[in-house]
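This report refers to the structure that appears directly beneath it.
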Amino acid sequence: MNTQKLPHIVIVGAGFGGMEIARRLANAPVQITLIDRHNYHLFQPLLYQIAIAGLVPSQIAYPVRTIFRRQKNLTFHMAEVTSIDFESHYIKMNGSILAYDYLVLAVGGQTNFFGMSTVEENSFKLKDIESAVSTRNHLLKMFERANREVDADRRKALLTFVVVGGGPTGVETAGALAELITHVLAKDYPQMDLKDVRVLLIEAMDHLMGNYPNELRKATVDLLHSKNVEVLVNTKLSDYNGRQITLGDGTQINAHTLIWTAGVRAAELIDQLGVQQAASGRVRVEPTLQLPQHPEVFILGDAAYFEDGEGQPLPMLATVAQQQAKVTAKNIRRILKGQSAEPFHYKDPGLLATIGRNAAVAHIWGLSFSGFIAWIIWVGLHIYRLIGFRNRLVVLINWAWDYFFYDSQVRLITRE
Ligand SMILES: Cc1cc2nc3c(=O)[nH]c(=O)nc-3n(C[C@H](O)[C@H](O)[C@H](O)COP(=O)(O)OP(=O)(O)OC[C@H]3O[C@@H](n4cnc5c(N)ncnc54)[C@H](O)[C@@H]3O)c2cc1C
């Protein structure tokens, strides 16, 4: 097939949005170049499972080249896009340039520390494989150090784990960490007194799980308490030096671990583009997800600022990115046929988060429920959404093993 004259679509980002649009243009009369700085697609919702030694990276990431092996109209480049010339229609990546007819920016987000440099330097984050593996290594090292520490105060500081951010990621991490300690590490360190261990979840607002209904916020706190997680709401973190946490009211807590899940902002590349940015650095887009003044550029997912009918920005969720990708693929096809682009409308598929074994909260079809049923739905949905049959099977076996034997396979401390 001669692809020379076909419109060239460049998609930056092989995350949830980028993957979805590339797939949806599989049979379109276009030539696609998909670019990502990694050679894999990462299923970020399960990153916390890497950090708490539940899964290994290859179980939640999948090579892009394997995913698109059969898609003839797609070429993949592993490269970092560093700048874009919107007037001349080309992107720069790793020293070379690439021209486009249509550009889709699905570059996602990065952790937002809101300018708190000491927190950024000393805390752990969950945003990519490297940060999740570092977190796992650190958590396990704290137990090794605590096991040989003779000073009681120092031992307590080593065994105090603070998670900041009461959204789904913070809640899932705190719950899973508490379970790792009580179900698994307690067996590995039989001499250790678990009374020395603290898992704290800190949230600046007066409630956890911001966009969940009240009854589920309360259920979340109850489930966390049942797993011995201390929940501190209305509590702001003001500083962290790697050894001591300082809260907004001046209270200090000695802790060698702080996991920061309290903020996300648009990816670094967005700041270089000279476009109008809204809250969290996201790009303000047209209702059709096009960049103002540049109808050949589409921005979607975490990088795009898009308000719902009530004037609230859409959350940074995989479901938003995927739905936006679907509409963008349709709009590219429409434009190629000489039709106008249609506006995007988000259909909320519901909310779902797990707090650990047999414990989750769900708000689906207007109904709120928590506990075992919600947990089964969470497990089923996450297995289904993983890419690759092998990954699904391996994760299912892993989770079943851990469930029945109260075990966790990946307790390795590796060199980074
Ligand atoms: C720990 C965690 C848990 C989450 N849990 C959930 C959940 O339970 N449910 C849910 O719906 N959402 C969840 N999310 C959010 C969800 O992962 C994001 O909303 C979603 O990934 C956004 O999709 P995206 O396509 O915009 O970006 P991403 O999926 O982040 O993809 C962006 C891609 O762009 C690439 N990239 C960035 N900059 C460049 C560059 N300059 N050059 C080349 N490539 C680049 C990145 O490598 C990445 O592959 C979670 C996120 C995290 C971090």
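In segment 263-279, of all residues being open to solvent by less than 50 Å² (accessible area, probe 1.4 Å) and assigned to a helix (DSSP H, G or I), the one that is farthest from the ligand (Cβ to nearest atom) corresponds to 270. Looking for something open to solvent by less than 10 Å² (accessible area, probe 1.4 Å), of a type in the set (A, V, I, L, M, F, W, C), within 6 Å of the ligand (Cβ to nearest atom) and part of a strand (DSSP E or B) - is there at least one such residue anywhere in segment 29-44? Yes: one or more hits. One residue stands out in segment 74-88 among those that are over 30 Å from residue 383 (Cβ atoms) and open to solvent by less than 60 Å² (accessible area, probe 1.4 Å): the one that is nearest to the ligand (Cβ to nearest atom), namely 81. When the residues of segment 112-141 are filtered to those that are under 15 Å from residue 245 (Cβ atoms) and out of contact with any Gly (no Cβ under 9 Å at 6 or more places or on another chain), the one that is least open to solvent (accessible area, probe 1.4 Å) is 119.
If the condition is being part of a loop (DSSP other than H, G, I, E, B) and either in contact with a Gly (Cβ under 8 Å, 6 or more places away or on another chain) or modelled with pLDDT of 90 or more (or both), then segment 380-397 contributes only 386.
Scanning segment 51-66 for residues that are part of a strand (DSSP E or B) and open to solvent by less than 20 Å² (accessible area, probe 1.4 Å) yields a total of 1.
Test of understanding: among 377, 383, 364, 332, which residue is among the β-branched types (Val, Ile, Thr), within 30 Å of residue 138 (Cβ to Cβ) and in contact (Cβ under 8 Å) with a residue 12 or more places away in the chain? Criteria check complete, one pass: 383. Whenever a residue of segment 301-324 is in contact (Cβ under 8 Å) with a residue 24 or more places away in the chain, its partners that are surrounded by fewer than 24 Cβ atoms within 10 Å (Cβ to Cβ) and among the hydroxyl-bearing types (Ser, Thr, Tyr), lying with C-beta atoms within less than 7 angstrom and at least six residues away or across chains, give the pairs 308/346; 313/305; 314/346; 320/346; 323/346.
When each of 157, 132, 146 is tested for being within 12 Å of the ligand (Cβ to nearest atom), of a type in the set (A, V, I, L, M) and either out of contact with any Phe, Trp or Tyr (no Cβ under 7 Å at 6 or more places or on another chain) or part of a helix (DSSP H, G or I) (or both), the lone residue that passes is 132. If I filter segment 249-262 for residues that are touching a strand residue (DSSP E or B) at 6+ places or on another chain (Cβ under 9 Å), within 15 Å of the ligand (Cβ to nearest atom), hydrophobic (A, V, I, L, M, F, W, C) and open to solvent by less than 40 Å² (accessible area, probe 1.4 Å), do I get at least one hit? So far as segment 249-262 goes, yes, one or more of its residues are touching a strand residue (DSSP E or B) at 6+ places or on another chain (Cβ under 9 Å), within 15 Å of the ligand (Cβ to nearest atom), hydrophobic (A, V, I, L, M, F, W, C) and open to solvent by less than 40 Å² (accessible area, probe 1.4 Å). Summed over segment 95-107, residues that are open to solvent by 20 Å² or more (accessible area, probe 1.4 Å) and near the ligand (Cβ under 9 Å from one of its atoms) total 1. For segment 292-342, the candidate set comprises residues that are among the hydrophobic types (A, V, I, L, M, F, W, C), open to solvent by less than 10 Å² (accessible area, probe 1.4 Å) and closer than 18 Å to residue 273 by Cβ; within that set, the residue that is farthest from the ligand (Cβ to nearest atom) is 297.
The residue pairs whose first member lies in segment 14-35 and is within 13 Å of residue 327 (Cα to Cα), whose second member is away from the ligand (no atom under 11 Å from the Cβ) and open to solvent by 10 Å² or more (accessible area, probe 1.4 Å), and whose beta carbons are closer than 7 Å, counting only pairs six or more residues apart or on different chains, are 20/326; 22/68; 22/74; 24/326. Residue check: residue 311 meets all listed conditions (1) small (Gly, Ala, Ser); (2) at negative phi; (3) in a loop (DSSP other than H, G, I, E, B) but one, namely (2).
The values are calculated or read from the model by the stated rules, or taken from the named source; none is laboratory data. All of these numbers come straight from a predicted model, not from anything done at the bench. So basically every Cβ, Gly included, is an ideal-geometry build from the backbone, and we count neighbours across all protein chains shown. Remember, those area values only see protein heavy atoms, side chains included, never the ligands or the DNA or RNA. Shrake-Rupley method; radii C 1.70, N 1.55, O 1.52, S 1.80 Å.
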